[in-house]
1. For Ile9, enumerate residues with amide H under 5 Å from its amide H, sequence gap 5+ or separate chain, H modeled in the peptide plane.
2. Remind me, relative contact order of the chain in percent, using alpha carbon pairs under 8 angstrom and six or more residues apart?
3. Give the relative contact order (percent, whole number) for region 10-69; include only Cα pairs under 8 Å separated by 6+ residues.
4. Hey, of (1) 51, 40, 28; (2) 46, 36, 27; (3) 76, 38, 26, which did the structure itself give for Cα extents along the principal axes in Å when calculated?
5. For the chain, set up a GNM with springs between Cα atoms under 10 Å and report which of Gly32, Gly14, Gly153 has the largest fluctuation.
6. What FRET efficiency do you get for Lys86 and Ala19 if R0 is 30 Å and r is their Cβ-Cβ distance, rounded to the nearest 0.05?
7. May I ask for the net charge around Lys117, where only other residues with Cβ less than 13 Å from the Cβ of Lys117 are counted and Lys, Arg are +1 while Asp, Glu are -1?
8. Using only the alpha carbons of region 23-99, what is the convex hull's orientation-averaged projected area in square nanometres?
Amino acid sequence: TSVHVGAAISFPLGQAGLASKVAETKIAIEDGADEIDYVIDIGQAKMHHWDYIKEEMESIVSICREHNVISKVIFENCYLEKDEIKQVALIAKEVKPDFIKTSTGFGTGGATLEDVKLMVETVEGQVKVKAAGGIRDWKTCKAMIDAGAQRIGTSSSLKILEEFEAEAK
């Protein structure tokens, strides 16, 4: 069918080692996933081990590219400082996954306009941004899109579509 199958790698905190993430990615693709969402190693990001974050991103993104699978890198921004978000986005700008993503939706906070704008500005059109986590109405969804998000992650899609249709009338 045209329905995409996504797989979450090292969900929700990204703490699995690189070898585990690579193995999870390969197995998910073998099992039919055509989109991979992986969570960066938040601990490594907090320690500013940027070479590790880059190696991790390059490894997973390259596997996705080899198999023509969409790659999404989840930052889990609620645990990162603004300078850390910017640094991971700069790495993504160089590595070029298909998307960088604000949140798993399971952390202590979801997408914020400030974070989406920072991510969009930092990657300068080289990578798409997905806003996810806490988007529960059309007003918030539209604000994220206006800020530059090209995909929205939400568990409130029906409500958002109803509000969108009501506004369009």
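Each reported figure results from applying straightforward, stated rules to the coordinates on display, with no laboratory input. Quick caveat: nothing in here was measured; it's all calculated off a predicted structure. No Cβ is skipped: glycine too gets one built from the backbone with ideal geometry, and neighbour counts run over all protein chains shown.
1. The list, which skips near neighbours in sequence, is Asp37, Tyr38, Val39.
2. Values: 318 pairs, mean separation 27.3, N = 169.
Relative CO of the chain lands at 16 percent.
3. Relative contact order, region 10-69: 42 percent.
4. (1)
5. Looking only at Gly32, Gly14, Gly153, the largest GNM fluctuation is found for Gly32.
6. 0.60
7. Around Lys117, the surrounding residues sum to -3.
8. Orientation-averaged projected area of the Cα hull: 4.7 nm².
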